Every structure is written in structure tokens, then in C-alpha cells.
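My questions will all concern the structure given below.
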Amino acid sequence: YDDVFHVSGVGLPPLELASDTRKHFGNINFFGGPLSYCVKSSRKMEYLLEENSGTMFVLVSDVFLDRKEVVDKLATMFAGFSDDPPTAFFFLGNFSSAPYGPLKLKKLAESFRALGELIRDFPNLLRSQFFFVPGPLDPGPGNIVPRPPIPSVLTSGLTERVPGAQFTSNPCRVQFCTREIVLFRDDIMNKMCRHCVHFPSTSRERGGEGGGLAEDMPSHFVKTILSQAHLSPLPLHVRPRFWTHDHALYLYPLPDLVVMGDKCDPYTVRSSECTVTNPGSFMQSGFEFKVYMPGPDTLEESKID
């Protein structure tokens, strides 16, 4: 013995299906909300999900409201959806491309007010819900998660004009009938790569027929967060978080959809009956976004030309 701890292999915990978790814990509500039981077992909610099979959720990340080209593309999007409004729009921050400077807060408040005026130009869209999830550079308590909603003093110009607008925490949880959805805005993939114990190999390097590391990285990332059942499985000095609110970052049992708003390239990976998607940075990705249909539990990629 040389008094050295030798490691022959390092692995992640095995993925556990949400259905297997509930077999052990029954009807306990892990997801959150006012109910004491899990609505996954509700026949009424399952029936309502089938009855609302045409429901759509629009997912957009990095909505820079201070950039004219972004606002113009949002106007095009709103015009396209005005005849058949989706149930909800989910806008993930950051909401400013220049988050620093003495006039930052004033410009952000003006941008939200202008967005409210733009939405009101399409009266049918006032039937939709609008959710705004703050990004890491939006006004808040600094570099720490979970983050509270953007202060109402900056958002009142929008909420007064659009009754269905809600500013949420980051992460945010949404229950639609029996579907469980978690939205999280953080540039986490780069952090995971910089601090990984063992940098992953590509399918090609392992003798497979897959692509290079850029193509494989989303799969490695998704496997990691789902195996750890946590949105940010990083040390506290790398990703500070409020320890007493760490449960808000849990992914146990696995939800139906996890939206990881990240500035990296868009991706969608399905694993263990859970779909993880990144809409990508709206402007940097060429104005791409995702549309989620909770009825059939499917995602569509969309782009504004």
C-alpha cells in the first residue's frame, strides 16, 4: 500500500425514470404547487390534456429588447401567431444586450414598456400568457441562483399593458395538466466543460459513428444533469447558490420538459422519458426558437427569416 487513493473508474448515478420514482413514493408532490398530491395520477388532468391537444408554448431565450432587429423579429413572430395565439410565450433573459452602465435600468424599463405597446398592437395575443424568466445579467442579487423575478418597478410598464404578463423566478416551474416543465436560464455548459473531472470523448473516438465533440456535448451535458437530478451540479465556488433554496434546482423526479436557456448552440436531447432543450440565443442563432406542444409532448424548431 502506498497510502494513495487509487480510482479505476468514475461514473454517474444511473438515470431513474419518473415512473419508477413514483412507484416507490406514490402520490407525493415533489414538483411543487398548492396540491399535496402529484397530478400525474389525476384522470381528470389527463382528460384535460387530451382535450387541449392543440396547446402551444413558444420558447425564446436571450430576448435583447434594446436591439431593434430583435424587436422587429418579435413583431414578425407576433404577427404570425396573431390568428392562432399560443397558450403562452416564455421569454428567457437576458433582456438587454448591454447590461452594464449608468442608464441600464432606465433603458430596461423603457424596453419593457415598448414591448407592452407592441403586444397590444395584436389584440388576439392578449388571450395568451407571457412569462419572463430573468437571466444571469438581468437586475437581481448578483451571480447566484435561484434568482427572484425582475423588480416590478422596472416591469410595471409591461404588466399594466398586458394583463397576462408574469415575471417569474429563475428557475421557473410550470404545471400544465399532467405535464411538468422546468425552465432555467444560465450559461452553464461552458462552466461544466471548464470544471469537468474527465473531459468526454466523442463517439468517433470511441469507435462509433457519431459526430465530433460539438455534436456530442449536449448529450453528455443532459446525461450529467439528469443523472445528478440537479440543474447546476457544480461546486458552490463555481456556481454560487442560496443553499436554503437549493431544492428549487432539483430535477427529481424527472420532469417532462427541461428548458435550459444557454448562449450555446440550440439542441434538443431526449433521455429517460425527459426532454431537455435549449432554444439558443435568439439573435445569435439567427432568430431561432422552439415551440412545445404539451399534448403530444413534442418540440418543433422554428426560425424567423
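The values are calculated or read from the model by the stated rules, or taken from the named source; none is laboratory data. On a predicted model such as this, the values are computed, not experimentally measured, just so you know. Every residue, glycine as well, gets a Cβ built from its backbone with ideal geometry; the counts of neighbours run over all protein chains shown. The area values use the complete protein model at the heavy-atom level, side chains included, leaving out ligands, DNA and RNA. Shrake-Rupley method; radii C 1.70, N 1.55, O 1.52, S 1.80 Å.
A quick yes/no check of all residues on (1) among the β-branched types (Val, Ile, Thr); (2) out of contact with any Gly (no Cβ under 7 Å at 6 or more places or on another chain); (3) not in a helix (DSSP H, G or I):
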| residue | (1), (2), (3) |
| --- | --- |
| ASP2 | no, yes, yes |
| GLY32 | no, yes, yes |
| GLU46 | no, yes, no |
| THR55 | yes, no, yes |
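On the basis of being open to solvent by 70 Å² or more (accessible area, probe 1.4 Å) and either at pLDDT 95 or above or in a loop (DSSP other than H, G, I, E, B) (or both), does HIS24 make the cut? Talk me through it step by step, then tell me what you get.
Working: open to solvent by 70 Å² or more (accessible area, probe 1.4 Å): yes; either at pLDDT 95 or above or in a loop (DSSP other than H, G, I, E, B) (or both): no.
Criteria not met by HIS24.
Let me ask something else. Has the range 41-50 got any residue that is out of contact with any Pro (no Cβ under 8 Å at 6 or more places or on another chain), free of Cβ contacts under 8 Å to residues at least 12 places away in the same chain and surrounded by fewer than 10 Cβ atoms within 10 Å (Cβ to Cβ)? Before the answer, list the steps.
Applying the first criterion (out of contact with any Pro (no Cβ under 8 Å at 6 or more places or on another chain)) to the range 41-50 yields 41-48, 50.
Going one step further and asking which of them are free of Cβ contacts under 8 Å to residues at least 12 places away in the same chain, we end up with 43-44, 47.
Filter again for surrounded by fewer than 10 Cβ atoms within 10 Å (Cβ to Cβ), leaving 43.
The answer is yes; a qualifying residue exists.
This table checks each residue for (1) at pLDDT 95 or above; (2) over 15 Å from the mean Cα position of the chain (by Cα); (3) among the basic types (Lys, Arg); (4) over 21 Å from LEU299 (Cβ atoms).
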site: LYS104; (1), (2), (3), (4): no, yes, yes, yes
site: LEU118; (1), (2), (3), (4): yes, yes, no, yes
site: LEU126; (1), (2), (3), (4): yes, yes, no, yes
site: PRO146; (1), (2), (3), (4): yes, no, no, yes
site: PRO149; (1), (2), (3), (4): yes, no, no, yes
site: SER156; (1), (2), (3), (4): yes, yes, no, yes
site: SER169; (1), (2), (3), (4): yes, no, no, yes
site: VAL174; (1), (2), (3), (4): yes, no, no, no
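I'm trying to understand the selection: among the residues of the range 128-156, which are in a strand (DSSP E or B), more than 18 Å from ASN278 (Cα to Cα), in contact (Cβ under 8 Å) with a residue 24 or more places away in the chain and open to solvent by less than 20 Å² (accessible area, probe 1.4 Å)? Break it down stepwise before answering.
Within the range 128-156, the subset in a strand (DSSP E or B) is 129-133, 145, 147.
Those still in the list that are more than 18 Å from ASN278 (Cα to Cα) too: 129-130, 145, 147.
Next, from what is left, pick out any that are in contact (Cβ under 8 Å) with a residue 24 or more places away in the chain: 129-130, 145.
Those that are in a strand (DSSP E or B), more than 18 Å from ASN278 (Cα to Cα), in contact (Cβ under 8 Å) with a residue 24 or more places away in the chain and open to solvent by less than 20 Å² (accessible area, probe 1.4 Å): PHE130, VAL145.
Taking strands (runs of 3 or more DSSP E) that do not extend beyond the range 227-304, which have at least 1 residues that are modelled with pLDDT of 95 or more, open to solvent by 60 Å² or more (accessible area, probe 1.4 Å) and within 27 Å of PRO86 (Cα to Cα)?
267-271, 298-303
Has the range 102-114 got at least one residue that is in a helix (DSSP H, G or I) and either among the hydroxyl-bearing types (Ser, Thr, Tyr) or in contact with a His (Cβ under 6 Å, 6 or more places away or on another chain) (or both)? Break it down stepwise before answering.
Of the residues in the range 102-114, the ones in a helix (DSSP H, G or I) are 104-114.
Checking which are either among the hydroxyl-bearing types (Ser, Thr, Tyr) or in contact with a His (Cβ under 6 Å, 6 or more places away or on another chain) (or both) leaves us with 111.
Checked the range 102-114: at least one residue is in a helix (DSSP H, G or I) and either among the hydroxyl-bearing types (Ser, Thr, Tyr) or in contact with a His (Cβ under 6 Å, 6 or more places away or on another chain) (or both).
Right, here's the next one. Being under 21 Å from the mean Cα position of the chain (by Cα) and either among the aromatic types (Phe, Trp, Tyr) or open to solvent by 20 Å² or more (accessible area, probe 1.4 Å) (or both) narrows it down to one residue among GLY33, GLY93; which is it? Quick ask: steps written out before the conclusion?
Numbers: GLY93 fails: either among the aromatic types (Phe, Trp, Tyr) or open to solvent by 20 Å² or more (accessible area, probe 1.4 Å) (or both).
Criteria check complete, one pass: GLY33.
Determine which single condition ARG113 fails, assuming it passes every other condition in (1) over 22 Å from the mean Cα position of the chain (by Cα); (2) open to solvent by less than 80 Å² (accessible area, probe 1.4 Å); (3) modelled with pLDDT of 95 or more.
(2)
Kindly indicate whether any position in the range 157-165 is open to solvent by 20 Å² or more (accessible area, probe 1.4 Å) and closer than 30 Å to ARG22 by Cβ. Quick ask: steps written out before the conclusion?
Step one: of the range 157-165, the residues open to solvent by 20 Å² or more (accessible area, probe 1.4 Å) are 159-161, 163.
Then drop every residue that is not closer than 30 Å to ARG22 by Cβ, which leaves none.
Scanning the range 157-165 turns up no residue that is open to solvent by 20 Å² or more (accessible area, probe 1.4 Å) and closer than 30 Å to ARG22 by Cβ.
May I ask you to verify whether ARG67 is basic (Lys, Arg), out of contact with any His (no Cβ under 9 Å at 6 or more places or on another chain), open to solvent by 50 Å² or more (accessible area, probe 1.4 Å) and under 27 Å from PHE132 (Cβ atoms)? Show your work before the answer.
Values: basic (Lys, Arg): yes; out of contact with any His (no Cβ under 9 Å at 6 or more places or on another chain): yes; open to solvent by 50 Å² or more (accessible area, probe 1.4 Å): yes; under 27 Å from PHE132 (Cβ atoms): yes.
It is true that ARG67 is basic (Lys, Arg), out of contact with any His (no Cβ under 9 Å at 6 or more places or on another chain), open to solvent by 50 Å² or more (accessible area, probe 1.4 Å) and under 27 Å from PHE132 (Cβ atoms).
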